[in-house]
1. Taking the residues in segment 79-119 that are touching a Pro at 6+ places or on another chain (Cβ under 9 Å) and of a type outside the set (A, V, I, L, M) as candidates, determine which candidate is surrounded by the fewest Cβ atoms within 10 Å (Cβ to Cβ).
2. Pick from segment 3-48 the residues that are touching a Pro at 6+ places or on another chain (Cβ under 8 Å), of a type outside the set (A, V, I, L, M, F, W, C) and crowded, with 17+ Cβ neighbours inside 10 Å: which of them is modelled with the lowest pLDDT?
3. Scan Ile70, Ile27 and give me the residue that is farther than 18 Å from Gly116 by Cβ and in a loop (DSSP other than H, G, I, E, B).
4. Among the candidates Gly69, Gly21, which residue alone is in contact (Cβ under 8 Å) with a residue 24 or more places away in the chain, in contact with a helix residue (DSSP H, G or I) (Cβ under 9 Å, 6 or more places away or on another chain) and not hydrophobic (A, V, I, L, M, F, W, C)?
5. Across segment 87-119, what is the number of residues that are hydrophobic (A, V, I, L, M, F, W, C), touching a helix residue (DSSP H, G or I) at 6+ places or on another chain (Cβ under 6 Å) and in a helix (DSSP H, G or I)?
6. Of the conditions (1) modelled with pLDDT of 90 or more; (2) assigned to a loop (DSSP other than H, G, I, E, B), Ser126 clears all except one; give me its number.
Amino acid sequence: MDQMTISPEERTLAAITHLSGLSGYIIPFGGVLVPIVIWIVKSESRVISSIAKQAILLNLVVFLLAIVGIILLFTVILIPVVIVLAVVVGVGAIVLPIVGALKANQGIYYRYPVVGIAPDGSAAASHV
C-alpha cells in the first residue's frame, strides 16, 4: 500500500488544516468556515486543499448525523441506537482530525475513513 507524503514545507499547515475542523467547538460554524478559508487561500496546493475538503466534509456529515439523531430521538424505541451513534460520531469527529494532524506532522497524508479525499480528488487514496 503506497503512502502519499507531504512535503516538509506543507506539514505544519497540513496539521493545522486537519485541526481546523475542530474550531467549530469554539466558534459557531467554525468547523466548516475555517477549512473553507484555508481551501480558498491554499487552492494551489493539492494536499492542503484536499485536507480542507476532508475537514469540511467530515463536519457536514457529523452535522447531518446529529440532525438524524435528533429526529430518531422522537421514536423512543431507537434511543439506544441514537446514543451509540452519538458516541461513535462524537469520538470520530474529535479523533480523526487529531490523527490526521499527527500523521501530517510526520509527513504522511491521512485520508479519513468513509469521507476521505485523495489530493487528486478521488476517494481511493491509500489509507493508513
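The values are calculated or read from the model by the stated rules, or taken from the named source; none is laboratory data. All values derive from a computational prediction rather than experimental measurement. Neighbour counts run over all protein chains shown; Cβ positions are idealised from the backbone, glycine included.
1. Ranking the candidates gives Gly107 first.
2. Result: Gly21.
3. Numbers: Ile70 fails: in a loop (DSSP other than H, G, I, E, B).
Being farther than 18 Å from Gly116 by Cβ and in a loop (DSSP other than H, G, I, E, B) holds for just one of Ile70, Ile27, which is Ile27.
4. Exactly one of Gly69, Gly21 is in contact (Cβ under 8 Å) with a residue 24 or more places away in the chain, in contact with a helix residue (DSSP H, G or I) (Cβ under 9 Å, 6 or more places away or on another chain) and not hydrophobic (A, V, I, L, M, F, W, C), namely Gly21.
5. Step one: filter segment 87-119 for residues hydrophobic (A, V, I, L, M, F, W, C), giving 87-89, 91, 93-96, 98-99, 101-102, 104, 108, 114-115, 117-118.
Going one step further and asking which of them are touching a helix residue (DSSP H, G or I) at 6+ places or on another chain (Cβ under 6 Å), we end up with 89, 93, 101, 104, 115, 117.
From what is left, the residues that are in a helix (DSSP H, G or I) are 89, 93, 101, 104.
Of the residues in segment 87-119, 4 are hydrophobic (A, V, I, L, M, F, W, C), touching a helix residue (DSSP H, G or I) at 6+ places or on another chain (Cβ under 6 Å) and in a helix (DSSP H, G or I).
6. Status for Ser126: all satisfied but (1).
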